[in-house]
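Participant: Sending over a structure as structure tokens; questions will come in a sec.
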Amino acid sequence: MDAAADLKALEARLLTEIDNAATLAALDDVRIAALGKKGSVSELMAGIGKVPPEEKKAYGATVNTIKTRVSDALAARKAVLDSAAVDARLATERADVTLPVRLGPLSEGRIHPVSQVFEEVVEIFADMGFAVAEGPDIETDDLNFTRLNIPPEHPARQDHDTFYLNQTGDGARMLLRTHTSPVQIRTMMSQKPPIRIIAPGRVYRIDSDATHTPMFHQIEALVIDEATHMGHLKWVLEEFCKAFFEVDDVKMRFRASHFPFTEPSMEVDIDAAAIGKPGRWLEILGAGMVHPNVIRNCGLDPEKYQGFAFGMGLDRITMLKYGIPDLRDMFSADLRWMKHYGFLPLDIPTISGGAAG
Ligand code: PHE
């Protein structure tokens, strides 16, 4: 065999070995045996010194061609083996995301009933076109009271059992908001009507017994437009109660009441039949038509704009819906209580899927 035939034979052998390499490791062995420092192709390159001068050019070109073909074949084979390896992993590591969560540490966690109800309520109002608005827990006296038509010295301030913070340098007196109504003010001061928001959040009052805790949760709603009236308020509340308590019909009672920031004002009761206990009225929220003074205090024209607002106790409707007897237990961070009343993290409330856990 002459030298050229030897080279052809070597190339053919290497290409066959590459084709036959069944694993990435085997392929790498072939690569090292051919192109590694002491590999067969590398040694051919090194041997060019012994080739007679007139043959050097042709020899070099041939060896280079072999090197290129071998490299290309290695790369092509590697691509095939790589994708086979990915396919194999996909086959063995396939995860069926529709299966339930495996029992284990991850299944220990629970969603607090108040968080669950918070999500349910947001979902129901979102479906009616309400956006979620937020305000800070630490509020100014101005937003929590004055602009809500509760000026300094107004007796309604006494009813709120307010936690005041220490006076700051510039004399502004901050407090822990006693209700979510300051979010009404924040919204009207920053947004042009039509306005349609709900504002869920924590509120604080100096109060503590079986039905009162110093911190609790409210959901505020505010709708302001040019012709919004009490019929709209009634419809929204009815639709909300039906969706929330998952019943076809809810009997409601509007009792005349007084809030400085609404006129007229009312307290709203629902027939406890909604929670399977007919024959009793349950108070669930305070509501009314936003007082013209409040609209004016936010820089809007009360001759042009009007609307309604309501504030609902989130903890209260949580207790009603899920049969939780004592408000204080809600915030006791007792894991046994959470195991009993809490929700599984994947139990996400949707209108279509039903809100109940
Ligand atoms: N802010 C009132 C409260 O905390 C509830 C309320 C809100 C009443 C909006 C009327 C309108 O008692």
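Readers should treat all values here as calculations from the given coordinates under stated rules, not as data from a laboratory. Only a predicted model underlies this, so the values are computations on that prediction, with no experimental measurement involved. Cβ sites come from the backbone with ideal geometry, for glycine too, and all protein chains shown count toward neighbours.
Participant: Hey, how much of the P(r) for region 107-188 falls beyond 19 Å, as a percent of Cα pairs?
Facilitator: On the way: 1748 of 3321 pairs.
That tail contains 53 percent of the Cα-Cα pairs.
Participant: In percent, what relative contact order does region 226-308 have, based on Cα pairs under 8 Å that are 6 or more apart in sequence?
Facilitator: Rounded, it is 29 percent for region 226-308.
Participant: What number, in percent, do you get for the relative contact order of region 3-92 if the mean sequence gap of Cα pairs under 8 Å and at least 6 apart is divided by its residue count?
Facilitator: Values: 47 pairs, mean separation 29.6, N = 90.
Relative contact order here is 33 percent.
Participant: Another question, then. Hey, which lysines would be in cross-link range of residue 277, C-alpha to C-alpha under 20 Å, not counting anything within fewer than 8 residues on its own chain?
Facilitator: 242, 251, 321
Participant: Let me ask something else. Tell me the volume per residue, in Å³, of the convex hull enclosing the alpha carbons of the chain.
Facilitator: Output value, Cα hull per residue: 290 Å³.
Participant: Same structure again: Test of understanding: what is the full-extension gain from residue 80 to residue 58, defined as 0.36 nm times their sequence separation minus their Cα-Cα distance?
Facilitator: The span from residue 80 to residue 58 would gain 4.6 nm if fully extended.
Participant: To the nearest 20 Debye, how big is the dipole of region 95-206 about its Cα centre, given +1 on the beta carbon of each Lys and Arg and -1 on that of each Asp and Glu?
Facilitator: 160 debye
Participant: Something else about it: Straight-line reach only, C-alpha to C-alpha below 18 angstrom: list the aspartates and glutamates that residue 234 could link to, leaving out same-chain residues fewer than 8 apart.
Facilitator: Result set, ordered by chain and number: 127, 220, 225, 226, 246, 248, 249, 263, 267, 269, 271, 283.
Participant: Given Cβ point charges of +1 (Lys, Arg) and -1 (Asp, Glu) and nothing else, what value in debye, to the nearest 20, does the dipole of the chain about its Cα centre take? Intermediate values should be presented prior to the final figure.
Facilitator: Values: 39 positive and 51 negative charges, 217 e Å.
Dipole magnitude for the chain comes out near 1040 debye.
Participant: Against the longest principal axis of the chain, how steep is helix 3-20, in degrees 0 to 90 to the nearest 10, with axes from Cα atoms?
Facilitator: 30 degrees
Participant: Would you mind pulling out the separation of the Cα centroids of region 52-74 and region 245-274, in Å?
Facilitator: 92 Å
Participant: Report the trypsin sites (Lys or Arg not before Pro) located in region 13-61 that are in a DSSP loop and have at most 13 other Cβ atoms inside 10 Å of their Cβ, or state none.
Facilitator: Answer in residue order: 37, 38.
Participant: Check each of the GluC sites (Glu not before Pro) in region 224-319 and keep only those in coil by DSSP with at most 16 other C-beta atoms within 10 angstrom; list them in order.
Facilitator: Answer in residue order: 226, 246, 303.
Participant: Using Cα pairs under 8 angstrom and six or more residues apart, how large is the relative contact order of region 113-341, in percent?
Facilitator: Relative contact order here is 20 percent.
Participant: Another question about this same structure. Full extension from residue 88 to residue 328: what is 0.36 nm times the residue separation minus their Cα-Cα distance, to one decimal in nm?
Facilitator: 80.9 nm
Participant: Take region 3-92, compute every pairwise Cα distance, and split them into 10 Å bins from 0; I just need the percent in each bin.
Facilitator: Per 10 Å bin, starting at 0, the Cα pair percentages come out as 16, 43, 24, 11, 4, 1.
Participant: So, by mean Cβ neighbours within 10 angstrom, what's the order for 182-190, 89-97 with the highest one leading?
Facilitator: On the way: 182-190: 21.3, 89-97: 7.0.
Peptide ranking by packing, descending: 182-190, 89-97.
Participant: What does the extension gain come out to for residue 96 and residue 32, with contour length at 0.36 nm per residue minus their alpha carbon separation? Write out the running numbers ahead of the final one.
Facilitator: On the way: separation 64, 0.36 × 64 = 23.04 nm, distance 4.09 nm.
That works out to 19.0 nm of additional length.
Participant: Angle between the Cα long axis of helix 230-245 and the longest principal axis of the chain, 0 to 90 degrees, nearest 10?
Facilitator: 50 degrees
Participant: Normalise the Cα radius of gyration of region 181-307 by 2.2 N^0.38 Å (N = residues in it) and let me know the number.
Facilitator: 1.14
Participant: Can you tell me the 0 to 90 degree angle between the C-alpha axis of helix 24-35 and the longest principal axis of the chain, rounded to 10?
Facilitator: Once rounded, the angle reads 40 degrees.
Participant: Still on this structure: So, in nm, how far is label residue 158 from label residue 24 when the simple model puts each one 7 Å beyond its Cα toward the Cβ?
Facilitator: Simple spin-label model gives 7.9 nm for this pair.
Participant: Pull up the cross-link candidates among the lysines for residue 78, meaning alpha carbon to alpha carbon under 26 Å and not fewer than 8 places away within one chain.
Facilitator: Counting by Cα, and skipping residues close in sequence, residue 78 has these lysines nearby: 8, 37, 38, 67.
Participant: Put +1 on the Cβ of every Lys and Arg and -1 on every Asp and Glu Cβ in region 13-80; which of 15, 52, 75 then has its Cα farthest towards the positive end of the dipole?
Facilitator: Of the options given, the answer is 52.
Participant: At 7 Å along the Cα-to-beta-carbon direction for both residue 131 and residue 68, put a label point, then send me their distance in nm to one decimal.
Facilitator: Reported label-point gap for residue 131 and residue 68 is 6.4 nm.
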